[in-house]
1. Determine whether residue 62 is over 20 Å from the mean Cα position of the chain (by Cα), under 22 Å from residue 28 (Cα atoms) and either assigned to a strand (DSSP E or B) or in contact (Cβ under 8 Å) with a residue 60 or more places away in the chain (or both).
2. If you scan the stretch 40-55, which residues turn out to be crowded, with 16+ Cβ neighbours inside 10 Å and either farther than 18 Å from residue 88 by Cα or outside the structural domain of residue 80 (by TED's automatic domain parsing) (or both)?
3. All but one of (1) closer than 25 Å to residue 157 by Cβ; (2) modelled with pLDDT under 95; (3) out of contact with any helix residue (DSSP H, G or I) (no Cβ under 9 Å at 6 or more places or on another chain) hold for residue 48; which doesn't?
4. Of all residues in the stretch 78-96, which are assigned to a strand (DSSP E or B) and either touching a helix residue (DSSP H, G or I) at 6+ places or on another chain (Cβ under 9 Å) or surrounded by 13 or more Cβ atoms within 10 Å (Cβ to Cβ) (or both)?
5. Based on this model, can you work out whether residue 6 counts as modelled with pLDDT under 95 and within 19 Å of the chain's Cα centre (by Cα)?
6. All but one of (1) closer than 16 Å to residue 6 by Cβ; (2) touching a helix residue (DSSP H, G or I) at 6+ places or on another chain (Cβ under 9 Å); (3) in a helix (DSSP H, G or I) hold for residue 170; which doesn't?
7. Given (1) over 27 Å from residue 10 (Cβ atoms); (2) surrounded by 15 or more Cβ atoms within 10 Å (Cβ to Cβ), where does residue 102 come up short, assuming only one miss?
């Protein structure tokens, strides 16, 4: 995929030692959305790094929208600091974990999706329903969307290293069937 792999979204989660009073955050912080009848979490948006966080009363926090694992961790740190400015002690943040990385890339060649669907295992392709081919790898456990144009979306990676390994394996598999 050359050097053109771009991370589009990182999802990270963590938990805190304490319950989080969502109503208090909704009143005390700007840029939050909290409608417990609709959704049990509070949504808080950050601008630097740009991210959205889902905060749950249980102390669980899910951060999405950043462009790197480092930015996701930075966003969670900023979020915790912001909550603490209200005098809310949420205790220690535990287990910041990258749940998913979504990236896009270009294979720099047209892809014959019909050939790929027939010759590789783990594919789903129904062009009448969706123009892309879905290709699942078991190791690393990721899912690719492949398009005739050569554009590729990869989801499910947990680190940059795993993402790179996934893309290399995709390239090898496509070369192995003369599809690249």
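1. It is false that residue 62 is over 20 Å from the mean Cα position of the chain (by Cα), under 22 Å from residue 28 (Cα atoms) and either assigned to a strand (DSSP E or B) or in contact (Cβ under 8 Å) with a residue 60 or more places away in the chain (or both).
2. 46, 49, 51, 52
3. In the conditions (1) closer than 25 Å to residue 157 by Cβ; (2) modelled with pLDDT under 95; (3) out of contact with any helix residue (DSSP H, G or I) (no Cβ under 9 Å at 6 or more places or on another chain), residue 48 misses (3) alone.
4. 93, 96
5. Spelling it out, residue 6 is indeed modelled with pLDDT under 95 and within 19 Å of the chain's Cα centre (by Cα).
6. Answer for residue 170: the failing condition is (2).
7. The number of the failed condition is (1).
Let's see how each residue does on (1) free of Cβ contacts under 8 Å to residues at least 24 places away in the same chain; (2) touching a strand residue (DSSP E or B) at 6+ places or on another chain (Cβ under 7 Å); (3) surrounded by fewer than 18 Cβ atoms within 10 Å (Cβ to Cβ):
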{"residue": "118", "(1), (2), (3)": "yes, no, yes"}
{"residue": "128", "(1), (2), (3)": "yes, no, yes"}
{"residue": "144", "(1), (2), (3)": "no, yes, no"}
{"residue": "148", "(1), (2), (3)": "no, no, yes"}
{"residue": "151", "(1), (2), (3)": "no, yes, yes"}
{"residue": "154", "(1), (2), (3)": "no, yes, no"}
{"residue": "160", "(1), (2), (3)": "no, no, yes"}
{"residue": "169", "(1), (2), (3)": "no, yes, yes"}
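The values are calculated or read from the model by the stated rules, or taken from the named source; none is laboratory data. If you're wondering where the values come from, they're calculated on a predicted model, not measured in any experiment. Ideal geometry is used to build each Cβ from the backbone, glycine not excepted, and the neighbour counts take in all protein chains shown.
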